[in-house]
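The values are calculated or read from the model by the stated rules, or taken from the named source; none is laboratory data. On a predicted model such as this, the values are computed, not experimentally measured, just so you know. Counting neighbours? That spans all protein chains shown, and the Cβs are built from the backbone with ideal geometry, glycine included.
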Amino acid sequence: MIETRLGEFEEVILLLVGILGEEAYAFNIAEEFESQAGRPVSIGAVHSTLTRLEEKGFLTSQMGESTAERGGRRKRIYTITAYGRKTLSAARDFRIALWKQFPGFATSKLS
């Protein structure tokens, strides 16, 4: 059976795919992760996570057009599936429910 839950890193990568839209390819995702998280990430970790998310059905991918800046090589562009969006929504709702129970952080501003 395929695991359908998201790990923390998987969740962040999936969110970044959604944020980047048509620019969601591995190198760009890694750069955005480093920019947003303020910590380095290996391109190998990003590639393996993207592959795993695609195997779980959270993402699809297709090859983009070749570009001169990449020496004619094509980029694999990732897109979130409806199932991926549903899973992200459930993960967000779960985290918000937990934060609302945390003493000192429980506020109505979290929803």
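Selection of segment 5-22 for residues being in contact (Cβ under 8 Å) with a residue 40 or more places away in the chain and either part of a helix (DSSP H, G or I) or closer than 21 Å to Glu65 by Cβ (or both) yields Phe9, Glu10, Glu11, Ile13, Leu14, Leu15, Val17, Gly18, Glu22. On the stretch given as segment 63-94, residues that are exposed (fewer than 13 other Cβ atoms within 10 Å of the Cβ) and either of a type in the set (Gly, Ala, Ser) or at pLDDT 90 or above (or both) total 11.
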